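All remarks here apply to the structure that follows.
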Amino acid sequence: MIPILNQFVYFAFFQALFLLILFCASDKKRQRINVYLFILVVLLMVGLLSKIGHFAWNWQRQLKGVSEFSILFFGPTVYLFVQSTLSGKRFSGFDVVHYVPGVVYSLIVTFYYIIPSQEVIAERVGSGELFRVVHILVGLGLTVNISYFVLSVLKFNKLKKALQEQASYLLNIAFVRNFLIAIGICLSIWLAVYLISFSTYSQLEIVSREFIWLAVALIVLFIAYYQMVAPSIFWFSQFQEPIKYTRSKFSTADLDRLKLELDEIMVQKKPYLNAKLLKSELAELMDINAPELSRLLNERVGMSFFEYVNYHRIHEFIRLTKTPNAQQKTLLGLAQEAGFNSKSTFNKSFKQIMSCPPSYYLKKSQ
């Protein structure tokens, strides 16, 4: 199993390297890429580099200890990445505060483990001091990272509520949810290995420790997968906080008129074909604001913005399935033509609107 694991770590390392090169490939990408994603990939790559150096190049203790620098930077970066992905919040000077524990931790590792001579380290190993210090440091790293993981989940739940009607953020929500699941699995493995280290089964600890690297490699591949299928989620985008409407200048007659205008826009201009359509953009086409569009949809359509846009996308998909070129395309390809940017969103919306899966509907309508 170990040789296979080593090859997997190699593959993940070069995937991380490829991602960094890709992110830096052009000025446009450097300006748009989420800086916290870049930091996160660097941290993961540093950890994998230490592992590769250990089994490929027989690195000495000082070089292997470099991977420890990334431990307390990991949790804060995950938290800031989740926040920025769902809110569009860019890097600010205050964010540096989150990295202070990581700097202190790295200094401790440097002066206690990397700089001292081999004789000093051997003496600390013999007295058991190094074992106790390592356990304290690992426990500290776990505490900080798990704390930031909990904060990330809370931040996700909070921001998710504000994004329910922002159709273009649906893919971001799905990505962050899956990303947090992957991070949670990684931290669970790390915690399990840490608890095993207190037992008398030292061989079990050595074997189980390899699964930490497996989890880190999987996170890299997870990011690489999304970079291929949905690169836009790693770009900063402008998020507009939804504004609750309390009063509206529109009368009942105005709302009736606007409803007809909205129907005409959806038929003629088909703004729903834009997978990143925002409520504010649709409102702008009607020369009204987003809260007024919300009132119109609630009182004259009975749908949220998200439901209304996907309603038109579903019917556009059905229309596309009846075109001559439909047989040459997959269901997902047709769904993307209709404005969907996620297979899961398409399937869920289709079932809600048509009360059956898309494949069943098409088979029944033939």
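Bear in mind these aren't lab numbers, they're just calculated from the coordinates by the rules spelled out. Everything numeric in this text was worked out from a predicted model, so none of it was measured. Here the Cβ is made from the backbone with ideal geometry for all residues, glycine too, and neighbour counts use every protein chain on show.
Could you work out how much longer the chain between Thr330 and Glu129 gets when fully extended? Use 0.36 nm per residue separation minus the Cα distance between them, nm to one decimal.
Values: separation 201, 0.36 × 201 = 72.36 nm, distance 6.22 nm.
Length gained between Thr330 and Glu129: 66.1 nm.
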Original post:
Using a simple spin-label model with points 7 Å from Cα along the Cα→Cβ vector, what separation in nm is obtained for Ser304 and Asp254?
Top reply: 2.6
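Counting Lys and Arg as +1 and Asp and Glu as -1, what is the net charge of the other residues whose Cβ lies under 12 Å from the Cβ of Thr323? Before the final figure, lay out the partial values.
Values: positive: Arg319, Lys322, Lys329; negative: Glu316, Glu337.
That sum, taken over residues with Cβ under 12 Å, equals +1.
Based on the Cβ-Cβ distance of Ile353 and Asn289, what FRET efficiency does E = 1/(1 + (r/R0)^6) give at R0 = 25 Å, to the nearest 0.05?
After rounding to 0.05, the efficiency reads 0.40.
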Original post:
How do the peptides 119-126, 344-351 rank, highest first, by the average count of neighbouring beta carbon atoms within 10 Å per residue?
Top reply: 344-351, 119-126
Subject >> Förster radius 35 Å - calculated FRET efficiency between Lys270 and Arg177 (Cβ-Cβ, nearest 0.05) >> reply: 0.75
**OP:** Mind giving me the nanometre distance, one decimal, between the label points for Asp263 and Val104, set 7 Å out from Cα along Cα→Cβ?
**Re:** 6.5
Subject >> For the stretch 66-143 and the stretch 311-336, distance of Cα centres in Å >> reply: 51
Subject >> Cα→Cβ-extended label distance, 7 Å offset, between Phe18 and Glu119, nm >> reply: 4.9
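First measure r as the distance between the Cβ atoms of Ser188 and Ile136, then evaluate 1/(1 + (r/R0)^6) with R0 = 30 Å and state the FRET efficiency to the nearest 0.05.
Details: r = 21 Å, r/R0 = 0.70.
Efficiency for this residue pair is about 0.90.
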Subject >> ³J(HN,Hα), Karplus 6.51/-1.76/1.60, whole Hz, each residue of the stretch 92-98, x for Gly, Pro >> reply: 10, x, 5, 4, 4, 4, 5
